[in-house]
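Peer 1: Got a structure here, written out as structure tokens. Questions coming.
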Amino acid sequence: MSTQIKVPENQIDLVNILFTQLEITYHNQFHKAFPDPDSLKLAKQLWLQKISAYKNEIIFKSVDHIMSTSEYLPSLSSAVSYTHLTLPTTPYV
């Protein structure tokens, strides 16, 4: 059975899905990086702010690729950098 995650149109939903995927994929690293609800909330707010210039699908694919190729929890900068290196970027104007 193959289930694909639909990329949400809403960026808040996108951040929530990404963080859920990161938590499942990098469980121990994730909980070390975000040990309490306040740090997790701040991280999500920062991601939301920084990814707002990109289409949701581009950020989703970037993080998905990193999760498939890296054994370490990706940083925000690596997720954004990957969009510049390998994916066609179309920031909102």
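Peer 1: Only residues that are over 14 Å from Asp64 (Cα atoms) and surrounded by fewer than 16 Cβ atoms within 10 Å (Cβ to Cβ): list them for segment 17-38, please.
Peer 2: His27, Asn28, Gln29, His31, Lys32, Ala33, Pro35, Asp36, Pro37, Asp38
Peer 1: Being of a type outside the set (Ser, Thr, Tyr) and open to solvent by 50 Å² or more (accessible area, probe 1.4 Å) is the filter here; which residues of segment 1-16 pass it?
Peer 2: Across segment 1-16, the qualifying residues are Met1, Gln4, Ile5, Lys6, Glu9, Asn10, Ile12, Asp13, Asn16.
Peer 1: Any idea which of Asp38, Asp64, Asp13 is modelled with pLDDT under 95 and either in a helix (DSSP H, G or I) or under 11 Å from the mean Cα position of the chain (by Cα) (or both)?
Peer 2: Asp64
Peer 1: Now a separate question. Filtering segment 63-82 down to residues that are open to solvent by less than 60 Å² (accessible area, probe 1.4 Å) and of a type outside the set (Ser, Thr, Tyr), which residue is nearest to Gln29 (Cα to Cα)?
Peer 2: Leu73
The values are calculated or read from the model by the stated rules, or taken from the named source; none is laboratory data. This one's a predicted model, so the numbers in the text were calculated from it and none came from an experiment. No Cβ is skipped: glycine too gets one built from the backbone with ideal geometry, and neighbour counts run over all protein chains shown. We work out accessible area using only protein heavy atoms, side chains counted, and drop any ligands, DNA or RNA first. Shrake-Rupley method; radii C 1.70, N 1.55, O 1.52, S 1.80 Å.
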